[in-house]
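Right, one structure below, let's go through it.
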Amino acid sequence: MKKAYYEDCPDYLADYLTYMQLVKGRGDRTVEAYYIDLRTFLRYLRIVHNEVDTNKTPFEEITIAQVPFEYVRKLRLIDAYDYLKWLAEDRANSLKTRARKTSALKQFYSYLHLKKNLISSDPLTQLEIPKLPKTLPKYLSLEDAQRLLSSIESDHFERDYCMITLFLNCGMRLSELCGLNLSDFSFESETLRLFGKGQKERIVYINQACISALKAYLPIRLSVQTQEKALFLSNRNTRISRRRTQEIVEESLKKAGLGNLGITTHKLRHTAATLMYQYGNVDTLVIKDILGHESLATTEIYTHLSNENLRQAANANPLAGNKAPKHKRKTDKEDSDE
């Protein structure tokens, strides 16, 4: 785990971050995100307690190691709402960012009360997290996904084709793909072993497209003389980085004429799940296990995607724009002539 940011942590925050990693099983990146969000809060406490003159000290340079726990303990619900207002007005944080920071703060105070008994009650139980508008995730259509695969051009074609094939068929996360080792797949059982958030292990089955791509790439990978266990290697024969993988996907999307759609590696994960649901008639509980979601509510977004497609299909009917005419009533003379 990265230790650098611990040097700027008061003891009570360092203990919390250790708890989140060792007890709750959160990954390094998640723990660091908690640190960053709570650092903002502790910097704010120093400002409102007049310990820092922001005209002289830039916000990013405010240290938090010496923030007394008394500041944290005395926080009231109304103070928390003042903090959210400050995030919006002074820091110009987006609604999404404020929602994340609010969630981090609520979890922190719950820990202080329920796990450490450092505060007699939790003042933030009634603190509401800013509600985010519901948005449907972006994804590629079946035709676009096929175009992406057929447009890949690279000096490492077999590797890049294999990676994108796994993204589109298995719905894995970027970290999961980059973390794959040679020992994590089996042609005999047709499975892949993935390590998701918090290093939670799950097994997914691979279809013939994945098997074919892996078999095309594997001889090239095994020809490299290296002690590296990673399945996918960089030009330096080390484990391929997340950023390089993102660049490969971005370059391939541009070559396919899909670079302006805002598609990322995570959107390829959405694509895989959406195609499974739309074309495979796969139950959401099964998709939940494939994607490694903890909550079914997270997976149910794909049922909404399908419903939205049905709506779009209905609106695409050439008669969709017709308006009902006003009913023409027969005149009395017309009635008598019948």
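The values are calculated or read from the model by the stated rules, or taken from the named source; none is laboratory data. Given the structure is predicted, the values throughout are model-derived calculations rather than measurements. A quick note on method: Cβ atoms are made from the backbone with ideal geometry, for glycine too, and the neighbour counts reach across all protein chains shown.
Here are the numbers for this structure:
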quantity: The range 180-195 residues that are without any contact (Cβ under 8 Å) to a residue 12 or more places away in the chain, paired with ones that are of a type in the set (Val, Ile, Thr) and not in a loop (DSSP other than H, G, I, E, B) (beta carbon under 9 Å, 6 or more apart); calculated: Ser189/Ile203; Arg193/Ile203; Arg193/Val204
quantity: Any hit, the range 201-208, residues being under 17 Å from Ala272 (Cβ atoms), part of a helix (DSSP H, G or I) and either modelled with pLDDT of 90 or more or under 26 Å from the mean Cα position of the chain (by Cα) (or both); calculated: yes
quantity: Flag for Asp122 being charged (D, E, K, R), assigned by TED's automatic domain parsing to the domain that holds Val48 and over 15 Å from Leu38 (Cβ atoms); calculated: no
quantity: Residue within the range 185-195 that is within 16 Å of the chain's Cα centre (by Cα) and in the same structural domain as Ala272 (by TED's automatic domain parsing) present; calculated: yes
quantity: Residue tally, condition under 16 Å from Phe185 (Cβ atoms) and either surrounded by 12 or more Cβ atoms within 10 Å (Cβ to Cβ) or not assigned by TED's automatic domain parsing to the domain that holds Ile263 (or both), over the range 229-239; calculated: 5
quantity: Checklist (1) within 32 Å of the chain's Cα centre (by Cα); (2) without any contact (Cβ under 8 Å) to a residue 24 or more places away in the chain; (3) farther than 15 Å from Leu105 by Cβ applied to Leu17, failing item; calculated: (3)
quantity: Selection from the range 219-253 of residues that are touching a strand residue (DSSP E or B) at 6+ places or on another chain (Cβ under 8 Å) and part of a loop (DSSP other than H, G, I, E, B); calculated: Val224, Thr226, Glu228, Lys229, Leu231, Phe232, Thr238, Ile240
quantity: Tally, over the range 197-227, of residues that are more than 16 Å from His156 (Cα to Cα) and either touching a Pro at 6+ places or on another chain (Cβ under 8 Å) or buried (at least 18 other Cβ atoms within 10 Å of the Cβ) (or both); calculated: 3
quantity: Qualifying residue in the range 35-42 (condition: in the same structural domain as Pro10 (by TED's automatic domain parsing), touching a residue at least 24 places away in the same chain (Cβ under 8 Å) and either within 22 Å of Pro133 (Cα to Cα) or of a type in the set (Asp, Glu) (or both)); calculated: yes
quantity: Residue selected from the range 52-88 under the condition in a loop (DSSP other than H, G, I, E, B) and touching a helix residue (DSSP H, G or I) at 6+ places or on another chain (Cβ under 7 Å), by the criterion modelled with the lowest pLDDT; calculated: Thr54
quantity: Some residue of the range 49-61 being basic (Lys, Arg), more than 22 Å from Thr97 (Cβ to Cβ), assigned by TED's automatic domain parsing to the domain that holds Thr102 and more than 23 Å from the chain's Cα centre (by Cα); calculated: yes
quantity: Matching residues in the range 90-135 - criterion: being loosely packed, with under 14 Cβ neighbours inside 10 Å and aliphatic (A, V, I, L, M); calculated: Ala92, Leu95, Leu114, Leu132
quantity: Test result for Leu38, assigned to a helix (DSSP H, G or I), more than 25 Å from the chain's Cα centre (by Cα) and crowded, with 16+ Cβ neighbours inside 10 Å; calculated: no
